[in-house]
Amino acid sequence: MTWLTWRQLRAQATAVYAAVLALAVVLAVTVPRLTRLGQGQVSLFDQLTRSDRNLYYAGIVVLALAPAVIGAFWGAPLVARELEAGTHRLVWNQSITRTRWLATKLVLTLLCAAIAVGLLSLAVTWWSAPLDGVTGSQRGSLPSRLTPIAFSMRDLVPVAYTVFSVSLGTALGVLLRRALPAMALTLAVMAFVQIAVPLWVRPHLLPPTSQLVVLGRDTLDSIMADDTGTPVRIGVRPAHRGDWVLSQQTVDSAGRAVALPSWFNSCVAPPPPVGVASQRSEAPDVSGCFSRLTAEGYQQHVVYQPVSRFWPLQWAETALLLVLSALLAVFTFRWTRRLS
Amino acid sequence: MTAVVRAEGLGKRYGRRWALHDCTLDIPSGHVTGLVGPNGAGKTTLLSLAVGMQAPTTGSIEVCGGRPAASAEQLAKVGFVAQDTPTYARLSIAEHLELGARLNPRWDHQLARDRVDRLGLDPKQRAGKLSGGQRAQLALTLGLAKRPELLILDEPVASLDPLARREFLQTLMEAVAEYELSVLLSSHVVSDLERVCDHLVVLVDSEVRVEGEVEDLLATHIRLTGPLRDVHALPSDQHVVSASHTDRQSTLVVRTSSAVLDPSWSVTALGLEDLVLAYMQAPDESRASRALEVLR
């Protein structure tokens, strides 16, 4: 059965592994230059060219798409194409039970997909390591690896998404009995999952930490103003570089969430251009305003996942996705037994 | 003699429709059994149940002494050539044989090779490029080289032209003689089966109408032609299978084991095709009542 599975997967697997290899070569070729840049005195971010940044984001995009695409193209047709072509009636009447047939197919395909994406993730993670979370001396930064933009495109989690996606595709293929609708639905569900998990699930995988931060020149990140130029919200920098801030708001001495006091508007005048977030480096000197805020008991309440939680969160999300994959596999086996 | 297929009150329902109803069968081993009936009579359903592609709604079925498809050993005993003889379009003939060799413990490599040679097929050719007849032959080769105790074929010649049909049945008969296997094959064309079958099951409207050895069936079924009369007035050992009447004349097909004594009947023997047709047109109770409902 291993032979037949490999024979059916061979062409697609070769294509995917070739693509992984090609990307790995491109990354490997550009690494020495990045290493050299990182050793200089100047901020690494300021020395990056547009193509460096494009390659950085390309790595993120490829790893965001790879699980869904592999799930749609390998998982969805795995059983559905056999059902469409009628070949299940041929293969289910060889001297091998349906369960073993499906187990071999599914496990081999999962392995093949997981290793491909694992290698891809390894290459991209390794290449991106010096770039994740770098900030410019003036302005601009690349996302840190704990933020939703980069988290599920680093290390282990992409592999878990791939396993989930292939399991999902197989289950949908068995359920719908048609490869094409199953592929489309797999892509749609994967898009939803990849948006829903960082929004609603990942923040709660581990209980977030909260902290009261003293407002001041050194902790200030931004001041948000409304359309009229009135400051409405203050943003502070997380305690450690790379912390994933989930929410923050200004609270009064009693700890209640409040609006900024009315005097703050005139204190920080002149206001920045309408609707634009003012960068702290360009902001006028507002130390006095912050001293007064602190004196009146205002503080910033920040809820965040500390940067040290990167690996615990990776493991937690991986475990969650693997459990879901196992449930999908159980469904697939049960449902396959009922097919004819 | 042991039974290769034994069904007890077997039924399969799809939604509210019974595709097969209360089917009780006992097909002895060592026979080529024809399963015949009009389209939609439940032939494919019965065969699917026999190979374990589906599970029955009611009753039970045993094939070669075990529950169909229950284990790898059970699967090894039964070969199946499915309707439209599916094959992997992108796999070559040689790869199909490789598939068979790897998935079947009793695979007969020599048999498979010889058959492909004799058919004049190029082993490197992809199955998707084969003609319908060649594909059917490939599917048959896979079924035979598995060396099953029972080979089940679902309408194997339905989509073949007359020449390919003849060749296919010819090779099937040769294999039966050579490897002593039992065969169960379905068709809606009686003339296909006439040449190859020595046992017959007639399936009409999801129910088994008659089952038996072809020789016995032919010996016990006769056509009576004579002046118009009431079919209920016949001797009790004559079971009317079908009856048609004109103004003056009645033509009956009856099943009887004793001689016809009434001199007003002219008695003629029946061919297999006429026999099957008689059962297909049988004046079934349920159908008669259904017709009446339609009239109201």
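The values are calculated or read from the model by the stated rules, or taken from the named source; none is laboratory data. Please read these numbers as outputs of a predicted model, since none were measured by experiment. Neighbour counts are summed over all protein chains in view; Cβ atoms, including those assigned to glycine, are modelled from backbone coordinates with ideal geometry. Remember, those area values only see protein heavy atoms, side chains included, never the ligands or the DNA or RNA. Shrake-Rupley method; radii C 1.70, N 1.55, O 1.52, S 1.80 Å.
Provide the net charge surrounding B:R90, with neighbours chosen by a C-beta distance below 14 Å and charges set as Lys +1, Arg +1, Asp -1, Glu -1.
Details: positive: A:R7, A:R10, A:R81, B:K124, B:R126, B:K129, B:R135; negative: A:E82, A:E84, B:E95, B:E98.
It works out to a net charge of +3.
Suppose R0 equals 41 Å; then what is the FRET efficiency for B:T2 and A:L199 from their Cβ-Cβ distance, rounded to the nearest 0.05?
0.05
Cα-Cα pairs above 37 Å in chain B: how many percent?
Working: 9760 of 43660 pairs.
That tail contains 22 percent of the Cα-Cα pairs.
Measure off, as a whole percent, the carbon and sulfur share of the 1.4 Å-probe accessible area of chain A, all protein chains present.
Working: 10260 of 16080 Å².
With neighbouring chains kept in place, the figure for chain A is 64 percent.
Under 8 Å for C-alpha pairs, at least 6 residues apart: give me the relative contact order for region B:142-243, rounded to a whole percent.
20
Can you pull the semi-axes for chain A, root of five times each eigenvalue of the Cα gyration tensor, sorted largest first, whole Å?
Numbers: eigenvalues 483, 111, 46 Å².
Here the semi-axes work out to 49, 24, 15 Å.
Once R0 is set to 41 Å, what does the formula 1/(1 + (r/R0)^6) return for the Cβ-Cβ distance between B:Q249 and B:V189, expressed as a FRET efficiency to the nearest 0.05?
On the way: r = 30 Å, r/R0 = 0.72.
The pair B:Q249/B:V189 has a calculated efficiency of 0.85.
Express the accessible area of region B:103-163 per residue in Å², computed with a 1.4 Å probe while the remaining protein chains stay in the model. Provide the component values of the computation, followed by the final result.
On the way: 2770 Å² over 61 residues.
The answer is 45 Å² per residue.
To the nearest hundred square angstrom, how large is the accessible surface buried between B and A, total for both chains, probe 1.4 angstrom? Intermediate values should be presented prior to the final figure.
Values: alone 15260 and 17230 Å², together 30220 Å².
That pair of chains buries around 2300 Å² in total.
Largest first, how would A:W127, A:W200 line up by accessible area (1.4 Å probe)? Write out the running numbers ahead of the final one.
Details: A:W127 5, A:W200 155 Å².
So, going from the largest accessible area down, we get A:W200, A:W127.
Just for the Cα atoms in region B:1-76, what are the lengths along the principal axes, largest first, rounded to whole Å?
So the extents along the principal axes, rounded to whole Å, are 35, 25, 18.
Where does chain A land at 222 nm, in deg cm²/dmol rounded to the nearest 500, when only DSSP H runs of n ≥ 4 count, each adding -39500 (n - 2.57), divided by all residues? Walk me through the intermediate numbers first.
Working: 12 runs with 193 residues, N = 340.
My calculation for chain A gives -19000 deg cm²/dmol from helical runs alone.
Please give the helix A:76-85 orientation as an angle from the longest Cα principal axis of chain A, in degrees from 0 to 90, rounded to the nearest 10.
It is inclined by approximately 30 degrees.
Do the sum for chain B: with -39,500 (n - 2.57) for every DSSP H run of n ≥ 4, divided by all residues, what is the mean residue ellipticity at 222 nm, to the nearest 500 deg cm²/dmol? Please list the in-between numbers first.
Numbers: 10 runs with 103 residues, N = 296.
Computed mean residue ellipticity for chain B: -10500 deg cm²/dmol.
Need one value: the accessible area of A:L119 in square angstrom, 1.4 angstrom probe, rounded to the nearest 10.
80
For region B:125-163 and region A:290-320, what is the separation of their C-alpha centers, rounded to whole Å?
Result: 68 Å between the Cα centres.
May I ask you to derive the relative contact order of chain B, considering only C-alpha pairs under 8 Å and at least 6 residues apart, and to give it as an integer percent?
Values: 556 pairs, mean separation 56.8, N = 296.
Relative contact order for chain B comes out at 19 percent.
Evaluate peptide A:94-101: per residue, the Cβ atoms of other protein chains within 10 Å of its Cβ; return the mean as an integer. Working shown, then result.
Values: counts 13, 17, 7, 7, 4, 0, 2, 1.
Taking all residues of A:94-101 together, the mean is 6.
So what is the relative contact order for region B:38-175, in percent, with contacts set as C-alpha pairs under 8 Å and at least six apart? Let's see the in-between values first.
On the way: 173 pairs, mean separation 41.5, N = 138.
Normalised by residue count, the contact order of region B:38-175 is 30 percent.
Could you sort out which of B:K43/B:K146; A:K105/B:K124; A:K105/B:K43; B:K12/B:K129 sit more than 28 Å apart by Cα distance in this structure?
Numbers: B:K43/B:K146 24 Å; A:K105/B:K124 25 Å; A:K105/B:K43 31 Å; B:K12/B:K129 36 Å.
From the list (B:K43/B:K146; A:K105/B:K124; A:K105/B:K43; B:K12/B:K129), the Cα-Cα distance tops 28 Å for A:K105/B:K43; B:K12/B:K129.
Other chains near B:97-104: what is the mean number of their Cβ atoms within 10 Å of each residue's Cβ? Intermediate results must be reported in sequence, preceding the final value.
Values: counts 0, 3, 7, 3, 1, 6, 10, 4.
Across B:97-104, the average partner-chain Cβ count within 10 Å equals 4.
At a probe size of 1.4 Å, how large is the accessible area of B:T220, to the nearest 10 Å²?
The value for B:T220 is about 40 Å².
Rounded to the nearest 10 Å², what accessible area does B:K77 have for a 1.4 Å probe in the complete protein model?
50
From the protein chains alone at 1.4 Å, what is the descending order of accessible area for A:V193, A:V214, largest first? Mind dumping the intermediate values first?
On the way: A:V193 25, A:V214 80 Å².
Order by accessible area, largest first: A:V214, A:V193.
Please state the Cα pair-distance histogram of region A:26-158 with 5 angstrom bins from zero: what percent is in each bin?
Values per bin, smallest distances first: 2, 9, 16, 16, 13, 10, 8, 7, 6, 5, 4, 3, 1, 0.
Could I have the simple spin-label model distance between A:D226 and A:E296, label points 7 Å from Cα toward Cβ, reported in nm to one decimal?
Between A:D226 and A:E296, the label points sit 1.7 nm apart.
Mind checking B:140-153 for the average number of partner chain beta-carbons within 10 Å of each residue's beta-carbon?
Details: counts 0, 0, 3, 2, 0, 0, 3, 0, 2, 0, 0, 0, 1, 0.
Counting Cβ atoms of other protein chains within 10 Å of each residue's Cβ and averaging gives 1.
Can you sort A:R53, A:R256 by solvent-accessible area, 1.4 Å probe, largest first?
On the way: A:R53 80, A:R256 145 Å².
Descending accessible area places them as A:R256, A:R53.
Can you check how the C-alpha radius of gyration of the protein assembly as shown compares to 2.2 N^0.38 Å, as a plain ratio?
Details: Rg = 37.6 Å, N = 636, 2.2 N^0.38 = 25.6 Å.
So the protein assembly as shown has a normalised radius of gyration of 1.47.
Along the Cα→Cβ direction, 7 angstrom out, place labels at A:L21 and A:D218. What is the inter-label distance in nm?
Here the answer is 5.4 nm between the modelled labels.
Output the lone cysteines of chain A: those with no second cysteine's C-beta under 4.7 Å from their C-beta.
Taking the Cβ cut-off of 4.7 Å, the unpaired cysteines of chain A are A:C112.
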